[in-house]
Amino acid sequence: MNLRGVFTALATPMDGEALDLGAFEKLVAWQLECGIHGVVVAGTTGEAPTLSADERRELLAAARRVAGGKAPVVMGVGSNSTRTTLEQSEAAAKGGADALLVVTPYYNKPTAEGVVRHFRAVLDAARLPVLAYNVPGRTNVDLLPSSLAKLVDHARFAGIKEATGNLDRALEVAATLRAGQVMLSGDDNTFLPFLACGGHGVISVASNVVPREMVALQAAWDAGRNADALALMRKLHPLCRALFLETNPGPVKAALAALGRAKPGIRLPLAWPGEATVAKVREELGKL
């Protein structure tokens, strides 16, 4: 299975605080029409911490109905409980996911040894390829390269979503991975720099609203058209910045609403972004 390229960290459309599965299916269909390489369900952008087990199953089933084997469906299953992560991993496998995205266990503040044991437990039990997800800015837990080196020889370890935004780290991670494993940027603004540091793609927030452009950037890089890739990155950069003026996924949901692809719904404790943020998002969308 190919986990390279642009994977959209799907937002979860909501009507108020209720799931809007119809809008979700249309969003997935549009992503595929635009050539996206894969989708991620129930990640950070999908508001995973506030989704129930039933809602997670519904979203995965909807993504599978639309994707239909056309592109990989990666399911976010991580939590700060190893037991819960194992249960969600098994549910994702039964639901037809193609791979798992497992975030470092947040809030508990485990030691490096605890983090390694957590991932080993998941890898040993999983029936699917596993992508680690390192986002210390949210979790306060860093999957260090020295810890990563203890995981990469496992048969089900497929790679890492590295969201530190640190290019020195990107070089170290790329050197740690084994052949066939992927390093995906977890930050749209470092998409192109990560490719230059040995990366293989991105799990993207921006591709919710500009999927064709993100795919075109990947294609330009893969074809050796580095100047074209840089021009696209510069063109997209203001939007990428606007999408993080407030906590993700608020701004990208505002962008989807502006495009008529979702209603203006988000689930507490997140709040709909303020007027200035919405205006800036609309401004940058208009420029594109």
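Odds and ends about this structure:
- Pairs of Lys residues in the chain, spaced 8 or more positions apart or belonging to different chains, with C-alpha separations under 24 angstrom: 20 in total.
- Dipole magnitude of the chain about its Cα centre (Cβ charges: Lys, Arg +1; Asp, Glu -1), debye to nearest 20: 280 debye
- Net charge, Gly43 excluded, C-beta distance under 12 Å - Lys, Arg +1, Asp, Glu -1: +2
- The DSSP beta bridges internal to the chain are antiparallel in roughly 5% of cases.
- Relative contact order (%) - the chain, alpha-carbon pairs under 8 angstrom, separation at least six: 20 percent
- Considering only Gly35, Ala63, Val152, the residue lying farthest towards the positive end of the dipole of region 5-225 is Val152, judged by Cα position with unit charges set on Cβ.
- Between region 161-176 and region 40-78, the alpha-carbon centres lie 26 Å apart.
- Couplings 3J(HN,Hα) for region 56-67, derived from phi with the Karplus relation 6.51 cos²θ - 1.76 cosθ + 1.60 (θ = phi - 60°), are 4, 5, 5, 5, 5, 4, 5, 4, 5, 4, 7, 5 Hz, where x marks Gly and Pro.
- Distant-in-sequence amide H partners of Gly35 (H built 1.01 Å from N, under 5 Å): none
All of the numbers you see were taken from the coordinates with simple rules; none came from a lab. It should be emphasised that the depicted structure is a prediction, and the values quoted were computed from it without experimental measurement. Every residue, glycine as well, gets a Cβ built from its backbone with ideal geometry; the counts of neighbours run over all protein chains shown.
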